[in-house]
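> Got a structure for you, written out below as structure tokens; questions coming shortly.
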Amino acid sequence: MLKSIEHDFLKKYLSKFDQNPFLVNLKDGESFIIGEGEPKFEILLNEPIPKSDLLCSTSLALGEAYMRGDLQIKGDLYKTLNYFLGQMTKFCVDNKLLKNLIHPSTSAKIQKKEVQSHYDIGNDFYSLWLDETMSYSCGYFKTEEDSLYQAQMNKIHLTLSKLNLQENMTLLDIGCGWGFLLIEAAKKYKVHGLGITLSEEQAKKFEERIKEEHLEDYLEVKLMDYRELHKLGREFDRVVSIGMLEHVGRKNYNLFIKNVNSVLKPGGVLLLHYISGRIENDGDPWIKKYIFPGGVIPSLREIINICSDFDYYTVDVESLRRHYNKTLLCWNENFQKNKEKLKGKFSDSFIRMWQLYLCGCAAGFNNGVVDLHQLVFTKGVNNGLPMTRDYLYQS
């Protein structure tokens, strides 16, 4: 009787996700189809998912079941998620029960731990599935045939072109990662750059790269929180931040721009590259628990509004959403190729978690659940930037 009640609830719960029909196979041999028509994908439930978990958070309940192996996907994980995740607006989220997860502290101490929990997994881990540049952000595919490496080089040089760099300019990279953008900026434009990060692993690798490239006279890296920028006592001609704004938190966006403003020269250029949402929301519980603790995706309009409050002028907006879908699929392909190397170092649960993250995010971008924008602002009206975008694609 209890099993029958569980099955009835599960069928009713899943029935709202009927946009694309799918087959559910239960461990006892029972199966049923959600939606109408030929199933697009199949799932196997080896263990029941508690009703309370599903009602608390759809993404946490299903994500954790997948990590445990209680929920298995027949066939391609990305294709399955691509069919399913377009319906995320129907997901359950109990904001009261998940309050501490969804709204964690935005203190510097807590956010440093959150950042390090993700980026300090190890350079060896990231090098297995990122490209040679160690760029952990959206690439730019000029053609379908571009390799991941070519796409990252395209993105880096497109970004540098948008900054309109000139020799001997100063460039600050907030959340510099492993430093390749600054290395390219120094080599091509002879600019003097500072990269800041909270990740000790990234800073260590960046310092090694600076020495390898003999760029000590041009580049430096500091372990620094953006909140400390106003104490730096330096100004920069250009400021760039790629994939870092997602870690700031909605309460601190104003503080972030305030600190940028404290170090950007009048007439300077600011470029922000970040995962964006169509509307303001608090983020996905599974992603926040397992991948990016404390992460929040800013909307396009709120960042433009905040920058406008500081008298910054929006001069360029570009969506790279489809490029991030392709970037994530390239990362996932590399991850799959190197899965055997990971098995001795990481648990099966961790590996399944990372696969779910890469494929889920790829599906999210493909479905428009999330977007990726590059925004260019100027501090002041007359800034010397070319009048058209033609110059961006000449380098």
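The values are calculated or read from the model by the stated rules, or taken from the named source; none is laboratory data. Since the model is a prediction, treat every value here as computed from it, not as a measurement. Positions of Cβ are backbone-derived with ideal geometry, glycine not excepted, and every protein chain shown enters the neighbour counts. Areas reflect the complete protein model, heavy atoms only, side chains present, ligands, DNA and RNA absent. Shrake-Rupley method; radii C 1.70, N 1.55, O 1.52, S 1.80 Å.
> What's the angle, to the nearest 10 degrees (0 to 90), between helix 300-309's Cα axis and the longest principal axis of the chain?
For 300-309 against the chain, the angle is about 30 degrees.
> Still on this model: Length gain on complete extension for the stretch ASP390 to GLU47, per 0.36 nm per residue less the alpha carbon to alpha carbon distance?
117.8 nm
> Probe radius 1.4 Å, ligands and nucleic acids ignored: give me the carbon and sulfur share of the accessible area of region 290-366 as a rounded percent.
The computed percentage sits at 47.
> Residues of region 179-202 with backbone nitrogen within less than 17 Å of a virtual label 7 Å along the Cα-to-Cβ line of GLU220, please, listed as ranges.
Answer for this model: 182-183, 186, 191-198.
> Hey, for a label at ARG278 modelled as a point 7 Å past Cα toward Cβ, could you say which residues of region 312-330 have their backbone N under 15 Å away?
321-322
> Next question, about the same structure. Please list, in order along region 6-21, the HN-Hα scalar couplings obtained from phi with the Karplus expression 6.51 cos²θ - 1.76 cosθ + 1.60 (θ = phi - 60°), rounded to whole Hz, x for Gly and Pro.
4, 5, 5, 5, 4, 4, 5, 5, 6, 4, 6, 9, 9, 4, 10, x
> Moving to a separate point now. At 7 Å along Cα-to-Cβ for each site, give me the label-to-label distance between PHE350 and ARG234 in nm.
Going by the 7 Å Cα→Cβ label model, 3.4 nm.
> Rounded to the nearest Å, what's the spacing between the alpha carbon centres of region 1-55 and region 233-298? Just the number, please.
Computed from Cα coordinates, the inter-centre distance equals 39 Å.
> Give the angle, between 0 and 90 degrees and rounded to the nearest 10, that separates the Cα long axis of helix 58-68 from the longest principal axis of the Cα atoms of the chain.
80
> Still on this structure: For the peptides 170-177, 83-90, 252-259, what is the packing order when you average, over each peptide's residues, the other Cβ atoms within 10 Å and list the highest mean first?
Going by the mean number of other Cβ atoms within 10 Å, highest first, we get 170-177, 252-259, 83-90.
> Expressed as a whole number of Å, what is the distance separating the alpha-carbon centroids of region 57-76 and region 207-229?
Using only Cα atoms to place each centre, the spacing works out to 41 Å.
> Report the paramagnetic label zone for ARG301: residues of region 89-121 whose backbone N is under 20 Å from a point 7 Å from Cα along the Cα-to-Cβ axis.
89
> Continuing with this model, one more query. Given a Förster distance of 35 Å, report the FRET efficiency between LYS11 and LEU97 from their Cβ-Cβ distance, rounded to the nearest 0.05.
FRET efficiency, LYS11 to LEU97: 0.90.
> Please work out the average accessible area per residue across the chain, using the 1.4 Å probe convention, and give it in Å².
46
> For region 54-84, which trypsin sites (Lys or Arg not before Pro) are both in a DSSP coil and crowded by at most 13 other Cβ atoms within 10 Å?
none
> What does the helix-only formula give at 222 nm for the chain: each DSSP H stretch with n ≥ 4 adding -39500 (n - 2.57), the total divided by the residues, and the result rounded to the nearest 500 deg cm²/dmol?
Calculated from helices alone, the mean residue ellipticity at 222 nm is -12500 deg cm²/dmol.
> Quick check: residue separation of GLU212 and ASP18 times 0.36 nm, minus the Cα distance between them. What number comes out in nm?
Extending this stretch completely gives an extra 64.4 nm.
> Further, regarding this structure: So how far apart, in nm, are the two label points at GLU36 and GLU145 if each is 7 Å from Cα heading toward Cβ?
Using points 7 Å along Cα→Cβ, the separation is 4.5 nm.
> Can you give me the angle between helix 321-337 and the longest principal axis of the chain, using Cα atoms only, in degrees from 0 to 90, rounded to the nearest 10?
Its long axis makes an angle of about 70 degrees.
> From the residues LEU215, LEU229, GLY195, which one has its Cα farthest along the dipole of region 190-234 in the positive direction, the dipole being from +1 and -1 charges on Cβ of Lys/Arg and Asp/Glu about the Cα centre?
Checked the options; the winner is LEU229.
> Would you mind telling me the share, in percent, of accessible area of region 194-276 contributed by carbon and sulfur at probe 1.4 angstrom?
C and S atoms contribute 45 percent here.
> If R₀ is 41 angstrom, what is the calculated FRET efficiency for the pair PHE310 and ARG68, using the beta carbon separation as r and rounding to 0.05?
Calculated transfer efficiency: 0.30.
> Then there is this: Would you kindly derive the ³J(HN,Hα) couplings of region 36-49 from the backbone phi angles with the Karplus curve 6.51 cos²θ - 1.76 cosθ + 1.60 (θ = phi - 60°), listing them in order in whole Hz, with x for Gly and Pro?
10, x, 5, x, 7, 7, 10, 10, 10, 9, 7, 9, x, 9
> Continuing with the same structure: Take every DSSP beta bridge whose two residues both sit in the chain, then give the antiparallel share in percent to the nearest 5.
Close to 50 percent.
> Could you pull out the pairs from LYS74/LYS288; LYS112/LYS155; LYS204/LYS231; LYS96/LYS258 whose alpha carbons sit more than 29 Å apart here?
Distance filter (> 29 Å) returns LYS96/LYS258.
> Then there is this: Could you point to the label whose value was computed as Rg and Dmax of the Cα atoms in Å for the structure here, given [x] 22.4, 76; [y] 21.8, 69; [z] 21.3, 74?
[x]
> Relative contact order for region 105-212 using alpha-carbon pairs under 8 Å, separation at least 6, rounded to a whole percent?
Relative contact order of region 105-212: 27 percent.
> Run the reach check for LYS339 against lysines, Cα to Cα strictly under 16 Å, same-chain hits fewer than 8 apart removed. What comes back?
Straight-line reach from LYS339, under 16 Å: no lysines qualify.
> For the chain, set up a GNM with springs between Cα atoms under 10 Å and report which of LEU130, LEU342, LEU160 has the largest fluctuation.
LEU342
> Straight-line reach from LYS12: which aspartates and glutamates have Cα under 16 Å away, leaving out those fewer than 8 places along the same chain?
GLU30, GLU36, ASP53
> With an 8 Å cut-off on Cα pairs and a minimum separation of 6 or more residues, tell me the relative contact order of the chain in percent.
RCO, the chain: 18 percent.
> How big is the accessible area of TRP286 in square angstrom, nearest 10, if you roll a 1.4 angstrom probe over the protein chains?
The accessible area of TRP286 comes to roughly 10 Å².
> Given H placed 1.01 Å from N in the peptide plane, which residues other than close sequence neighbours of LEU320 have an amide H under 5 Å from its amide H?
Those lying under 5 Å, H to H, from LEU320 are LEU372, HIS373, GLN374.
> Could you tell me what percent of the accessible area of region 23-62 is made up of carbon and sulfur, with a 1.4 Å probe and every protein chain present?
Roughly 50 percent, rounded to a whole number.
> Full extension from SER262 to SER105: what is 0.36 nm times the residue separation minus their Cα-Cα distance, to one decimal in nm?
Taking 0.36 nm per residue and subtracting the Cα distance, the gain is 54.1 nm.
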